[in-house]
Amino acid sequence: SSISITPPISNMVQSQNGWGVTYTSTQICAVKGSSVEIHCAYTYPPRINNETIEVQKRLWFTKLQQDVPVDLKTDPNYDTRVEYYFFRNNSTLRITDLRESDSAQYKFRFETNYRSGRYTGSPGVTLLVTVTLSGEIVEGSSVTLTCSSDANPAANYTWYKEDDQKPLSKDSQLIFSSIQSSDAGEYYCTAVNDLGTKRTGHNIIIVNYAPKLPSVSVSPSAEIVEGSSVTLTCSSDANPAASYTWYKNNDRKPLSESFQLGFSSIQSSDSGVYYCKARNKLGMKTSRNKLLDVKYAPKFLSLSVSPSDEIVEGSPVNLICSSDANPAANYTWYKDNKVLSVGQQGVYHFISIRLEDSGDYSCKSENVHGEANSTSLSVDVQCECFLSV
């Protein structure tokens, strides 16, 4: 399957008092039998009159029935060819096995618990499903469009792209010596002589190309804290549509074969370098590395003493407080529940321990995400006694 998209004219944004829908493209061209994805983001106020606003229904539609939008998933014309994907305030509509009858304007609608909290993104995205001009056109290949007309006197020809009034060529042929993905779109020509003008219909050029360099995005983009929900998204411009594979560090075993890699409750062990590969029948491209640095409160706190055998007065002794934390923890030392010191050192050092240093010791490990407290450790300093003769 493939996705063929004309370059977006602009992002279409509809917004009203915090309610809005943004489509990434306003017009899409695709070939019959292929697949297409239409993307949008939607916004709404978090609260109205102290009432928390929650989305209760989301759908895509092309038509109304008694002024009510008909969900594509319930439309028999689409059967099982339609899928919805949702992530946070984003939605993707995917239609497979495209038919010419799928040509329409597609709109996204969401409804909330607020009594008038319903919003439709209008005018939506226009999808044009067509047959290809003549076989597969691959990026980098030579392509020639020829305009011909029966005319006397002979006609003069001019080529145009889409609705741009600026001529591309004033010749019967429009030649692409090395066609690029940006050349995809609708073309037409005019034939003119002293007796009149004729214009062709729109001819669709769809350029197939290997994936471009994939980009990796992380949501949320702020600091990642253990236990939170995190999603990595891999995206690449490609036609036919790319399939994606996720990897971590130098492990060749794939983590996921989807454009998204999700962690419902990310753990510290998930920290590492991630990258994705995008591939289609024309090639493969690997993304740049993306570092995931998961922050977490101190854990696995332990308190020990060295040496661990009998402690004799005058000997050097270390109390060791260790924990796993990100960012690194600060430590607070206690003796008999009274603070001894605060700092970044996880070692409390006695150069020459004394009898009065005996007591119950404990430590606290803390960073911006939390703290952990050790159990107490009893230190019993033995007297170094000398017998006189």
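A few notes on this one:
- Under 10 Å, Cβ to Cβ, from Leu59 - net charge with Lys/Arg +1 and Asp/Glu -1: +3
- Other residues with beta-carbon under 10 Å from the beta-carbon of Val294 carry, at +1 per Lys or Arg and -1 per Asp or Glu, a net charge of -3.
- Across all directions, the average flat footprint of the convex hull enclosing the Cα atoms of region 215-292 is 5.0 nm².
- 13 Å cut-off, amide nitrogen to a point 7 angstrom out along Val70 Cα→Cβ, residues in region 20-46: none
- The residues of region 297-379 expose, per residue, 56 Å² of accessible area to a 1.4 Å probe.
- Radius of gyration (Cα atoms) of region 20-130, expressed as a multiple of 2.2 N^0.38 Å: 1.11.
- Taking Cβ separations below 4.7 Å as the criterion for a possible disulfide partner, the isolated cysteines in the chain are Cys29, Cys40, Cys383, Cys385.
- Restraint check, Lys248/Lys277; Lys107/Lys285; Lys32/Lys281, Cα-Cα greater than 21 Å: Lys107/Lys285
- With every protein chain in place, the chain: carbon and sulfur % of accessible area (1.4 Å): 46 percent
- In the context of the full set of protein chains, residues of region 60-121 present 54 Å² of accessible surface per residue (probe radius 1.4 Å, heavy atoms only).
- Cα-based reach from Lys364 at 15 Å (exclusive), listing aspartates and glutamates while leaving out same-chain residues under 8 positions away: Asp324, Asp336
- With contacts taken as Cα pairs under 8 Å and at least 6 residues apart, region 215-292 reaches a relative contact order of 32 percent.
- Å² of accessible area per residue within region 215-292, as computed with a 1.4 Å probe and no ligands counted: 53 Å²
- Environment charge at Glu100 (Cβ cut-off 14 Å; Lys +1, Arg +1, Asp -1, Glu -1): +1
- If the convex hull is drawn through the Cα atoms of the chain, its volume per residue in Å³: 226 Å³
- For the chain, relative contact order (Cα pairs under 8 Å, six or more residues apart, normalised by length) works out to 10 percent.
- Under 23 Å from the Cα of Lys198 - lysines, other chains or at least 8 residues apart: Lys161, Lys166, Lys170
- Amide H contacts under 5 Å for Ser358, placed H, 5+ residues apart: Val381
- Three principal axis extents of region 143-205 based on alpha-carbon atoms, in descending order, are 38, 22, 17 Å.
- Evaluated at q = 0.15, 0.17 Å⁻¹, a Debye calculation over the C-alpha positions of region 297-379 (equal weights, vacuum) places log10 I(q)/I(0) at -0.50, -0.63.
The values are calculated or read from the model by the stated rules, or taken from the named source; none is laboratory data. Fair warning: this is a prediction, and the values are worked out from it, not measured in the lab. Glycine also receives a Cβ, built like all others from the backbone with ideal geometry; neighbour counts cover every protein chain displayed. Just so you know, the surface numbers come from the protein's heavy atoms only, side chains and all, with ligands and any DNA or RNA stripped out. Shrake-Rupley method; radii C 1.70, N 1.55, O 1.52, S 1.80 Å.
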